[in-house]
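A.B. asks: Got a structure for you, written out below as structure tokens; questions coming shortly.
The values are calculated or read from the model by the stated rules, or taken from the named source; none is laboratory data. In this text the structure is predicted, and so the values were computed from the model without any measurement. Using ideal geometry, Cβ is built from the backbone for each residue, glycine included, and neighbour counts are taken over all protein chains shown.
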Amino acid sequence: MTITRAGRFYFRGRSPLGENRNVPKRERGIALLIVVSMLTVVGIMGVAFAFSMYLETQATRQFVASTQARYVAEGGVSHAWTLLDEDRQGSRIDEASESWTELPSGDEADVDDDGEVESRWWLVADAAQEPIGRYAMKISDEAGKANLNAAQAEPSAQGAGAIDLTMLLEQVGIDDARETAQAIERYRYGDDERPGKAHFDDDGDGAIDEPEEYQPLALRHDDRLIESLEDLVTIAGLDA
């Protein structure tokens, strides 16, 4: 409503700009603080979400890489099994010139970490022929190795299939092979230097302290095993 008096206009009622002109400055400051606080919280949540997504991406990449590595390793094992199966079907006599020993050989990888490079790398590619990994393998003939915990310094005639430790040491050029073999046996027999329990018939065959009473897979009394190369060097005084 407008009232005219002496050429002047007076307005009554609400201001055209609304009621904001009547809001105290203190309340407007509080509103600004609330808005800034909300923006800060939203910003922190955004950063946390972005970091979480980064961690998820890294975890996914790590999972994919570890899975690929596992399957590449399993592929190497399957390759080795295939070579052994082919050899078993072709010949039952192992030779150094057969495929199971020649194919894995090379001068690129040290599989058993002995300081000697003896194997080659085999590349593995995906469906797009992009390389995703590689593996190396080494196949050893365990049947050609002697178990020093089962060999005897002087095998008896009744010990069929026993490994003659003295003869074995002589063949590899060990001086004083018999004394070395006996020292290895004494260590295996424990403090009483007798197989099983000293002066006792451990296997119940009527004989006492015979070499066959020492059983590396079922140790008796104070019998023990040679467990490392360091043990053998210390026992027999050999050069490593």
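A.B. asks: Glu116 passes all but one of (1) of a type outside the set (S, T, N, Q); (2) part of a loop (DSSP other than H, G, I, E, B); (3) farther than 30 Å from Ile184 by Cα; which number fails?
C.D. replies: Only one criterion is unmet by Glu116, namely (3).
A.B. asks: Also, I was wondering about something else. When you look at Glu179, is it out of contact with any His (no Cβ under 8 Å at 6 or more places or on another chain) and either at pLDDT 85 or above or of a type in the set (Phe, Trp, Tyr) (or both), yes or no? Don't jump to the end; show me each part of the working.
C.D. replies: Numbers: out of contact with any His (no Cβ under 8 Å at 6 or more places or on another chain): yes; either at pLDDT 85 or above or of a type in the set (Phe, Trp, Tyr) (or both): yes.
So Glu179 fits the description; yes.
A.B. asks: Against the conditions (1) surrounded by fewer than 15 Cβ atoms within 10 Å (Cβ to Cβ); (2) under 21 Å from Glu74 (Cα atoms); (3) at pLDDT 85 or above, where does Glu118 fall short? Just the number, please.
C.D. replies: (1)
A.B. asks: Moving on to the next point. So, Asp202, is that one assigned to a loop (DSSP other than H, G, I, E, B), of a type in the set (Asp, Glu) and modelled with pLDDT under 80 or not? So that I can check it myself, show each step before the final result.
C.D. replies: Details: assigned to a loop (DSSP other than H, G, I, E, B): yes; of a type in the set (Asp, Glu): yes; modelled with pLDDT under 80: no.
No: the conditions fail for Asp202.
A.B. asks: Same structure again: Specify the residue that is nearest to the chain's Cα centre (by Cα); the eligible residues are those in segment 167-199 that are surrounded by 14 or more Cβ atoms within 10 Å (Cβ to Cβ) and either over 18 Å from Leu148 (Cβ atoms) or among the β-branched types (Val, Ile, Thr) (or both).
C.D. replies: Per the stated criteria, the residue is Ile184.
A.B. asks: Restricting to segment 204-240, and then to whatever is among the acidic types (Asp, Glu) and surrounded by fewer than 16 Cβ atoms within 10 Å (Cβ to Cβ), can you tell me which residue is nearest to Ala177 (Cα to Cα)? So that I can check it myself, show each step before the final result.
C.D. replies: As a first pass, look at segment 204-240 and keep what is among the acidic types (Asp, Glu): 205, 209-210, 212-213, 222-223, 227, 230-231, 239.
Filter once more, so that each one left must be surrounded by fewer than 16 Cβ atoms within 10 Å (Cβ to Cβ): 205, 222, 227, 230-231, 239.
On the way: Asp205: 30, Asp222: 25, Glu227: 20, Glu230: 18, Asp231: 17, Asp239: 14 Å.
Here the residue is Asp239.
A.B. asks: So, one more: When you scan segment 119-146, how many residues do you find that are without any contact (Cβ under 8 Å) to a residue 40 or more places away in the chain and either outside any strand (DSSP E or B) or closer than 30 Å to Leu168 by Cβ (or both)? Show your work before the answer.
C.D. replies: Within segment 119-146, the subset without any contact (Cβ under 8 Å) to a residue 40 or more places away in the chain is 119-121, 123, 125-131, 138, 140, 142, 145-146.
Those left that are additionally either outside any strand (DSSP E or B) or closer than 30 Å to Leu168 by Cβ (or both): 119-121, 126-130, 138, 140, 142, 145-146.
Residues in segment 119-146 being without any contact (Cβ under 8 Å) to a residue 40 or more places away in the chain and either outside any strand (DSSP E or B) or closer than 30 Å to Leu168 by Cβ (or both): 13 in total.
A.B. asks: Okay, moving on. Scan segment 102-131 for residues that are out of contact with any Pro (no Cβ under 8 Å at 6 or more places or on another chain) and among the hydrophobic types (A, V, I, L, M, F, W, C) and jot them down. I'd like the intermediate steps shown before the answer.
C.D. replies: Going residue by residue through segment 102-131, those that are out of contact with any Pro (no Cβ under 8 Å at 6 or more places or on another chain) are 102-118, 121-122, 126-131.
Passing the criteria: Leu103, Ala109, Val111, Val117, Trp121, Trp122, Ala127, Ala128.
A.B. asks: Do we have Asp94 as part of a loop (DSSP other than H, G, I, E, B) and within 21 Å of the chain's Cα centre (by Cα) here? Talk me through it step by step, then tell me what you get.
C.D. replies: On the way: part of a loop (DSSP other than H, G, I, E, B): yes; within 21 Å of the chain's Cα centre (by Cα): no.
It is false that Asp94 is part of a loop (DSSP other than H, G, I, E, B) and within 21 Å of the chain's Cα centre (by Cα).
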